[in-house]
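One structure is given here, and the rest of the page talks about it.
The values are calculated or read from the model by the stated rules, or taken from the named source; none is laboratory data. Here the structure is a predicted model, which is why all the values come from computation and not from measurement. Neighbour counts are summed over all protein chains in view; Cβ atoms, including those assigned to glycine, are modelled from backbone coordinates with ideal geometry. Surface areas here come from the heavy atoms of the whole protein model, side chains and all, with no ligands, DNA or RNA. Shrake-Rupley method; radii C 1.70, N 1.55, O 1.52, S 1.80 Å.
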Amino acid sequence: GTPTLLWNAMVNPWKGFPIKGVIWYQGESNSPNPTLYKKLFPAMVAQWREFFNNPGMPLYYVQITPWQAEGKDKLDRAWFRQCQLELMYEVPKEGFLYAGPFYKSCQLKGNVVEITFENGNEGLIPENQRLKGFELVDKNGRIVPAEAEIINGSARVKVWNDSISHPVEVRYCFRNYMEGDLFNNAEIPASPFRIVVQQ
């Protein structure tokens, strides 16, 4: 009965109002089940757009915050944030710059992974210094801290660790709590992410 109760008490009374858009902050109780959330969230957005008779209604949402929960190096909230990041492609948005840099593509050059970011066309910061929060995974599953820096004022970052010749994953702040310092020039922080490197 809880979903019905919530709908009738908190959404249904707004029927007929000309809603221009929604700002959504997700609570943490869903975080143990990102697979289910990845189905429920787009369904909710579609239902609300139909209910408010506004097929293009923008819904801006906030990723859950870094928090150590059961331990800062655990990954349950990291997987949930990854799910929320991937949902940006399923829940279209238009208008102002709504997000910091997020992964677009990568290329392996020797032992260096070059990552190109969306929302970084005006450049990334901080320039001319090593970035915090990057890690690499080798073919045996070993996770090691990585060196990372922005390439010549572009929307690209190179990531490497001299002890790994064939990295298979790049991770950025992919833990329950980890500090990073990658931003775009609008000073919006990069989303935590995990990517598989194509060999």
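Among 122, 187, 179, which is the only one that is open to solvent by 50 Å² or more (accessible area, probe 1.4 Å), at positive phi and in contact (Cβ under 8 Å) with a residue 40 or more places away in the chain?
Unique residue meeting the criteria: 187.
Among the residues of the range 116-160, what is the count of those that are of a type in the set (Gly, Ala, Ser) and more than 17 Å from residue 190 (Cα to Cα)?
1
Which of the residues that make up the range 158-199 are of a type in the set (S, T, N, Q), part of a loop (DSSP other than H, G, I, E, B) and touching an Asp or Glu at 6+ places or on another chain (Cβ under 8 Å)?
Result: 161, 176, 185.
Could we say that residue 78 is open to solvent by less than 40 Å² (accessible area, probe 1.4 Å), at pLDDT below 85 and either of a type in the set (Asp, Glu) or in contact with a Lys or Arg (Cβ under 7 Å, 6 or more places away or on another chain) (or both) here?
No: the conditions fail for residue 78.
Just a yes or no: is a residue in the range 52-64 over 12 Å from the mean Cα position of the chain (by Cα) and in contact (Cβ under 8 Å) with a residue 60 or more places away in the chain?
The answer is no, given that none of the residues of the range 52-64 is over 12 Å from the mean Cα position of the chain (by Cα) and in contact (Cβ under 8 Å) with a residue 60 or more places away in the chain.
Quick one: in the range 109-157, of everything that is within 16 Å of residue 199 (Cα to Cα) and part of a strand (DSSP E or B), which residue is farthest from the chain's Cα centre (by Cα)?
109
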